[in-house]
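We did not get these values from a lab; they are worked out from the coordinates using the rules stated. In this text the structure is predicted, and so the values were computed from the model without any measurement. So basically every Cβ, Gly included, is an ideal-geometry build from the backbone, and we count neighbours across all protein chains shown.
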Amino acid sequence: MGTESSVVAVAGGSGFVGRSIVRELAARGNRVVVLSHKPPIATTDRLIEFRQADVTQPDRLPDALAGTDTLVICLGFRNSPIEAPRRGRTFERIDAGGTVVLVAAAKAAGIGRLVYISGAGAAPDAARHWFRAKWRAEEAIRGSGIAYTIFRPSWIYGPGDRSLNRFLGLARWLPFVPQIGNGRQLLAPVFVDDIGALVADALVTPAASNATLEVGGPETLSMDSIVRAALRAQGRRRPILHAPAVLMKLATRPLTLLPSPPMTPDAIDFIVQSAQVDTGPLTAALPRHLTPLADGLASYLAPRK
């Protein structure tokens, strides 16, 4: 299992979830190699190194993994979940295909441990293609012959997320909060810092080896309830204005003709889906107090005094 001297590569480490994982791993004394398609950036943290790596250029990945012994995969494409096939930004190419080539590179580099951030609902026969893509990625992990932990989170929130914060930003200028759908979908919101902590825990916990664990926060709530909690954290009061999902899907269908659509019908389906989880196995393998929604929101939304 991982130790304080582990060298952990985090694919997607410059993204919303990846940054939290990188911070936590480094805080626990691990050396961390951040793999990103973006150019490397300088850092004063001696434990963190940035390397450029692109899953669409698999031949270069083994070199990017040189000197590392663990690989955490938390891939995401720009503007996810809004796919842009003409730009190569799809769940199938990045989430599934990207994980497949990373696993192959990990085997070539002699990696001894894998952690994959999947999603609640991943299944071979899932109705939505993004869950089928996640399943394909999971199968690559499970079939690698490398010890692994797969996390299937519900809905992740925190500073820098592209869902809740997008709508809350509009509330600064509008007398209401716009919401796609009826707001009744049920989610178990998990604070992004908890994801980082769970990943770090998994690397030093034998019970997490070769396990697939669903992850959710301590509460299961409707999306409307989550938005109201966020408004309370900001000290704002706004009504929620719902736009029917079916009408929004019709309105956004022509946008799929654009190279980089601002919204798509599939993305609307992604936004309004429920994501409930069974956290019993998670609690048994990695017992940890997960952050209540109000506390997580207050940590970055509360007005400064």
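Its residue count N fixes a reference of 2.2 N^0.38 Å for segment 95-201, and the Cα radius of gyration divided by that reference is 1.31. Just the number, please: Stokes-Einstein D of the chain in µm²/s, Kirkwood Rh from C-alpha pairs, 37 °C, 0.692 mPa s. Rounded, D is 165 µm²/s. Taking other C-beta atoms within 10 Å as the exposure proxy, Leu257, Leu297, Leu241, Leu71 rank Leu257, Leu241, Leu297, Leu71 from fewest upward.
Projecting label points 7 angstrom from Cα along Cα→Cβ for Asn210 and Gln276 puts them 3.2 nm apart.
The Thr283 and Arg253 beta-carbon pair, evaluated with R₀ = 41 Å, returns a calculated FRET efficiency of approximately 0.45.
Ranked from largest, the principal axis spans of the Cα set of segment 1-115 equal 42, 28, 22 Å. Per-residue packing, averaged as other Cβ atoms within 10 Å, sorts the ranges 21-32, 193-204, 242-253 into the order 193-204, 21-32, 242-253, beginning with the highest.
With each label modelled as a point 7 angstrom along the Cα→C-beta vector, the Asp63-Arg142 pair spans 3.5 nm. Just so you know, the Rg over Rh for segment 241-305 is 1.17, from Cα atoms, with Rh as the Kirkwood radius.
Note on Arg46/Val246: beta-carbon distance plugged into 1/(1 + (r/R0)^6) with R0 of 41 Å gives a FRET efficiency of 0.15. Taking the Cα centre of the chain as origin and assigning +1 to Lys and Arg Cβ atoms and -1 to Asp and Glu Cβ atoms, the resulting dipole is close to 1080 debye. List the relative contact order of segment 144-284 as a percent without decimals, with contacts defined as Cα pairs under 8 Å and 6+ residues apart. Result for segment 144-284 is 35 percent. Our summary gives the chain a relative contact order of 18 percent, counting only alpha carbon pairs under 8 angstrom and 6 or more residues apart. Ranked by the mean number of other Cβ atoms within 10 Å of their residues, highest first, the peptides 7-18, 92-103 fall in the order 7-18, 92-103.
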